[in-house]
Amino acid sequence: TQLLEQSPQFLSIQEGENLTVYCNSSSVFSSLQWYRQEPGEGPVLLVTVVTGGEVKKLKRLTFQFGDARKDSSLHITAAQPGDTGLYLCAGFFYNQGGKLIFGQGTELSVKP
Amino acid sequence: DTEVTQTPKHLVMGMTNKKSLKCEQHMGHRAMYWYKQKAKKPPELMFVYSYEKLSINESVPSRFSPECPNSSLLNLHLHALQPEDSALYLCASSQAPGTGTNYGYTFGSGTRLTVV
């Protein structure tokens, strides 16, 4: 059974602060995806990382994939209240028929 | 069209009812998925369809019956559910595995199911 450990599970910060969310597994991923989910909606894809050591930037969000493709991080610079939501990492396991398995999620609250 | 459409958005059903959840996409995706999400928890994979064939069933009870009539449609038939089955049911689609590229999933907004 694949297990993705995501931390922290809850994060409450002030506007303008920086934060990092971590996603770790003992398994090697074919790729790793980050999603953001608002209440009552489905997850929305932010980024997919495929190559070990890969770094992708999306405005104030920076995503990194570990060299061994077992871990990833999401760093948000100068957080804004609009960043509030549930952030989910998800590991894709191609050699198991194509499964996308989610971490526990990080509930982020950014206060003005 | 870059959306996954799920209907209905909300459903309340009794434990003896039979109902169906519907999911539709027109992005040409050949893989479609059902996930179940309880409050404050991540989505849990239920079923994977690849090229209209069921490829993964994550040991889901038989009271949940998936169906993929064609490449754009995915249904989830519900029968004799229990109150603990109340959850947000999410449908997603993607390029099928084996196409050489790891694309992300496009999720619908879900069906909020309440079993009474």
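The values are calculated or read from the model by the stated rules, or taken from the named source; none is laboratory data. Predicted, not measured: the structure shown is a model, and the values here were computed from it. All Cβ positions, glycine included, derive from the backbone under ideal geometry; neighbour counts span all protein chains shown. Areas reflect the complete protein model, heavy atoms only, side chains present, ligands, DNA and RNA absent. Shrake-Rupley method; radii C 1.70, N 1.55, O 1.52, S 1.80 Å.
Checking the stated criteria, residue A:58 turns out not to satisfy the condition of being within 14 Å of chain B (Cβ to nearest Cβ), touching a helix residue (DSSP H, G or I) at 6+ places or on another chain (Cβ under 9 Å), among the hydrophobic types (A, V, I, L, M, F, W, C) and more than 24 Å from residue B:58 (Cα to Cα). Look at (1) part of a loop (DSSP other than H, G, I, E, B); (2) in contact (Cβ under 8 Å) with a residue 12 or more places away in the chain and you find that residue B:35 fails only one, number (1).
Every residue, every condition in (1) closer than 14 Å to residue A:74 by Cα; (2) open to solvent by less than 80 Å² (accessible area, probe 1.4 Å); (3) more than 9 Å from chain B (Cβ to nearest Cβ); (4) assigned to a loop (DSSP other than H, G, I, E, B), yes or no:
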{"position": "A:22", "(1), (2), (3), (4)": "yes, no, yes, no"}
{"position": "A:27", "(1), (2), (3), (4)": "no, yes, yes, yes"}
{"position": "A:33", "(1), (2), (3), (4)": "yes, yes, no, no"}
{"position": "A:41", "(1), (2), (3), (4)": "no, no, no, yes"}
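Do the conditions hold for residue A:76, that is, is it under 24 Å from residue A:11 (Cα atoms), under 16 Å from the mean Cα position of the chain (by Cα), among the aliphatic types (A, V, I, L, M) and modelled with pLDDT under 95? The answer is no for residue A:76. Taking the stretch B:4-55 as the range and being at the interface with chain A (Cβ under 10 Å from one of its Cβ atoms) and under 22 Å from residue B:96 (Cβ atoms) as the test, the residues that pass are B:4, B:6, B:31, B:33, B:35, B:43, B:44, B:45, B:48, B:50, B:55.
On the basis of being open to solvent by less than 80 Å² (accessible area, probe 1.4 Å), within 27 Å of residue B:87 (Cα to Cα) and out of contact with any Phe, Trp or Tyr (no Cβ under 6 Å at 6 or more places or on another chain), does residue A:11 make the cut?
yes
Scanning the stretch A:66-112 for residues that are within 14 Å of another protein chain (Cβ to nearest Cβ) and part of a helix (DSSP H, G or I), we see that the one that is surrounded by the fewest Cβ atoms within 10 Å (Cβ to Cβ) is A:95. Looking at this structure, is residue B:22 of a type in the set (Lys, Arg), within 15 Å of residue B:3 (Cβ to Cβ) and surrounded by fewer than 19 Cβ atoms within 10 Å (Cβ to Cβ)? Yes. Among the residues of the stretch B:39-65, those identified as surrounded by 13 or more Cβ atoms within 10 Å (Cβ to Cβ) and more than 17 Å from residue A:100 (Cβ to Cβ) are B:52, B:63, B:64, B:65.
Here residue A:12 passes the criteria (1) part of a strand (DSSP E or B); (2) within 14 Å of chain B (Cβ to nearest Cβ); (3) more than 10 Å from the chain's Cα centre (by Cα) except the one numbered (2).
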